[in-house]
2 protein chains.
Amino acid sequence: MAAWRAFLSTAHLLDRRIEEQLKAAAGLTHPQFEILVRLAEAPDRQVRMTELARGVVVSKSALTYQITQLEKAGLVERATCPSDERGVFAVITEAGLRCLERVAPGHVEVVRRYLIDRLSRDELRTMTAAMRKTEEALRAPDGR
Amino acid sequence: MAAWRAFLSTAHLLDRRIEEQLKAAAGLTHPQFEILVRLAEAPDRQVRMTELARGVVVSKSALTYQITQLEKAGLVERATCPSDERGVFAVITEAGLRCLERVAPGHVEVVRRYLIDRLSRDELRTMTAAMRKTEEALRAPDGR
DNA sequence: CAGGGAAAGTTAAAATCTGAACAAACGCGA
DNA sequence: TCGCGTTTGTTCAGATTTTAACTTTCCCTG
């Protein structure tokens, strides 16, 4: 359980730092930033709402809210899905991409400074593998 | 960055599972549960508000809110601090302790199932060490 | 091809969190 | 001892998240 405690505290503390950095650099929240990253990486720079929600690990309604916010800020747009009348694509705009380019370096810097650069290559590899295993189990519908 | 992604997703997913389990088992949120755990472990089963907030990694105002909720539920009480007129102790009640005893096993079970038991002894040790280093850095006032 | 259940997004209300402002109490240096 | 900057916990307003409907559309089955 000690491991779990450390994990939990660290996750919260790191999240807090990141939030602070993003807010200062671009007025973005962490979830908003995550959304932009995922969109920027996606083919055609667009992702379906539900898939995006799963990726960012956020409820569908929270995503609806955040996309609306990002839309107001001009960083994202909604597009209807041709193949499925119900579907909605979130699409990152040019402004969104520029914003991301501007903010990403500072973000990476924080993650490196507090997490990545403190770990040896071995530690990093081990931790990544461990996280992957856990994530996989958590994403499995039955909890495996 | 892949490590970071895995870490982030896993933390969110696991948190979600835990929240779900606690809600079902006792109507508690994860922060509320954390608060109870820390109080139960403390000498005299009481902790000062500010210290508790630091431990649980939550803002002071969020703690005030949660303690009020827990007080309504009869799981926690507030006590004035004799040595410092400003200070407030959060104290866990008998009912709080009983609640914790009832819920803790299920909670531990979830954490083990998804995180602990998936990792080898080595992985676990490495990860704990890594988290401790990171946590220490994040808690240092200057970010070291 | 009609019906019913499942899935996609949104919405509304309630709960929770954040940040800033605040009042009270502390404590240190002049 | 006085005064001023800190610390403590709370409060308030605003932002965000959650949960549970709800609408629309899809798709499988008979």
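The values are calculated or read from the model by the stated rules, or taken from the named source; none is laboratory data. Since the structure is predicted, the reported quantities are computational estimates derived from the model, not experimental observations. All Cβ positions, even for glycine, are placed from backbone atoms using ideal geometry, and neighbour counts span all protein chains on display. Each accessible area value is taken on the protein alone, full model and side chains, heavy atoms only, with ligands, DNA and RNA left out. Shrake-Rupley method; radii C 1.70, N 1.55, O 1.52, S 1.80 Å.
Among the numbered criteria (1) surrounded by fewer than 21 Cβ atoms within 10 Å (Cβ to Cβ); (2) within 13 Å of another protein chain (Cβ to nearest Cβ), which single criterion is violated by A:Glu34? The single condition A:Glu34 does not satisfy is (1). Taking the stretch A:130-144 as the range and being farther than 30 Å from A:Thr68 by Cβ and either under 15 Å from the mean Cα position of the chain (by Cα) or open to solvent by less than 40 Å² (accessible area, probe 1.4 Å) (or both) as the test, the residues that pass are A:Ala130, A:Met131, A:Thr134, A:Ala137, A:Ala140, A:Gly143. Pairing residues of the stretch A:15-29 that are more than 11 Å from chain B (Cβ to nearest Cβ) with residues that are open to solvent by less than 60 Å² (accessible area, probe 1.4 Å) and basic (Lys, Arg), at Cβ distances under 9 Å and at least 6 apart in sequence or on separate chains, gives no pairs at all.
Any residue that is among the aliphatic types (A, V, I, L, M) and either more than 9 Å from chain B (Cβ to nearest Cβ) or farther than 30 Å from B:Ile18 by Cβ (or both) - is there at least one of those in the stretch A:126-143? Within the stretch A:126-143, one or more residues are among the aliphatic types (A, V, I, L, M) and either more than 9 Å from chain B (Cβ to nearest Cβ) or farther than 30 Å from B:Ile18 by Cβ (or both). Working only within the stretch A:119-129, note down all residues that are surrounded by fewer than 16 Cβ atoms within 10 Å (Cβ to Cβ) and more than 22 Å from the chain's Cα centre (by Cα). Within the stretch A:119-129, A:Ser120, A:Arg121, A:Asp122 qualify.
Residues that are more than 27 Å from B:Lys60 (Cα to Cα) and open to solvent by 100 Å² or more (accessible area, probe 1.4 Å) within the stretch B:82-112 comprise B:Arg102, B:Arg112, listed in sequence order. Residues in the stretch B:34-68 that are within 11 Å of DNA strand C (Cβ to nearest atom) and not hydroxyl-bearing (Ser, Thr, Tyr): B:Glu34, B:Ile35, B:Ala53, B:Val56, B:Val57, B:Val58, B:Lys60, B:Ala62, B:Leu63, B:Gln66, B:Ile67.
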